[in-house]
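Comments concern the structure below.
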Amino acid sequence: MNLPVMQKVLIADDDAINRQVLAELLKPDYTVLLAKNGTQALERATRHAPDLILLDVMMPDMDGYEVLRQLRADPQTADIAVIFISGLDRPEDEANGLKMGVADYIAKPFNATVVLARVALHLQVVRQRRMLEHLAHVDGLTELANRRRYDDVYANEWLRTQRNGRPLSLAMLDIDCFKQYNDHYGHPAGDRALRAVARAAAGHMRRPADLAARYGGEELVLLMPDTDAAQALQVVQAICAEVAQQAIVHAASTAAPLLTVSAGGATLRLAEGESANELLAAVDSHLYLAKQAGRNRIVWRPDPAPAQA
């Protein structure tokens, strides 16, 4: 069982004693990062992506207001929650910070109980927001990435491929005779079968950049950056083989007595200036060829010959 990852809190304060006191207070429950000035705070926020920053307002060279302004101006750090900690206790000082987008304001000398409570509160908000963001990108039935998430990642990976010249492979899987499966066994059984295929697909997306997503209905799409045609074909073959090994009976199928999938795939023809839409169209057409050839097979562009799944 994986233990939950500890949330990260960056403490930015030019006073060494304040940094030490806050660090000792928070270390039992969080991963603590320290910065002694505004420049360090910005550098560590960019490098470590903390969940929350406790930011002193009055620091030499660069005060907390300027640090906050630069955090909000950088897309990489713009959404990090910030709590001001300051000896300035006038209402207008607190109001100024809140107008700039700080999550909270703690006056010095700070009370340990108050600091712990407010840090816990704002980190809970961070967790909940990230959970909602995650759910917005997940297909509820298969627990794969949803179409929206796939569209965003595909667009970014295609652009990255244009910059770095690395291969980009794309594949689509379609459960053979799925309508007949639903008609014969019922939709709850169909949902279970779709989840089984999704698990097989997700299990072979083993690198951080790989993505399996539900494209629509019983179709899944596999995005494999930095993967050439031969490597990608091996991945798809392994997925198809695993689906077959699950031995899910499909008496209504014209392709096989067990549940099977058809697949089409292609690797970006970078030298030919192929567009993202053209690559997707090529994958879709090769999936169609796999179905036309009798299903339960893979058709990959450019070369290897159609392989039995």
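The values are calculated or read from the model by the stated rules, or taken from the named source; none is laboratory data. On a predicted model such as this, the values are computed, not experimentally measured, just so you know. For neighbour counting, all protein chains shown are included, and Cβ atoms are generated from backbone atoms with ideal geometry for every residue, glycine included.
Structure data summary
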| item | result |
| --- | --- |
| Test for Ala290: is it surrounded by 13 or more Cβ atoms within 10 Å (Cβ to Cβ) and closer than 21 Å to Arg148 by Cα | no |
| Sole exception among (1) in contact with a strand residue (DSSP E or B) (Cβ under 6 Å, 6 or more places away or on another chain); (2) at pLDDT below 85 for Thr161, by number | (2) |
| So Leu34, is it modelled with pLDDT of 95 or more, within 30 Å of the chain's Cα centre (by Cα) and within 22 Å of Gln128 (Cα to Cα) | no |
| Single condition Thr267 does not satisfy, out of (1) out of contact with any Ser or Thr (no Cβ under 6 Å at 6 or more places or on another chain); (2) more than 24 Å from His184 (Cβ to Cβ) | (1) |
| Residue in region 256-266 that is at pLDDT 95 or above, outside any strand (DSSP E or B) and touching a helix residue (DSSP H, G or I) at 6+ places or on another chain (Cβ under 9 Å) present | yes |
| Test: residue in region 275-294 that is over 27 Å from the mean Cα position of the chain (by Cα), of a type in the set (Lys, Arg) and in the same structural domain as Ala198 (by TED's automatic domain parsing) | yes |
| Filter result (of a type outside the set (Ser, Thr, Tyr) and in a loop (DSSP other than H, G, I, E, B)) within region 267-276 | Leu268, Arg269, Gly273, Glu274 |
| Residue within region 17-25 that is surrounded by fewer than 22 Cβ atoms within 10 Å (Cβ to Cβ), part of a loop (DSSP other than H, G, I, E, B) and either modelled with pLDDT under 95 or more than 29 Å from the chain's Cα centre (by Cα) (or both) present | no |
| So Leu220, is it touching a Leu at 6+ places or on another chain (Cβ under 8 Å), among the aliphatic types (A, V, I, L, M) and buried (at least 23 other Cβ atoms within 10 Å of the Cβ) | yes |
| Of all residues in region 205-255 being charged (D, E, K, R) and in a strand (DSSP E or B), the one that is nearest to the chain's Cα centre (by Cα) | Arg214 |
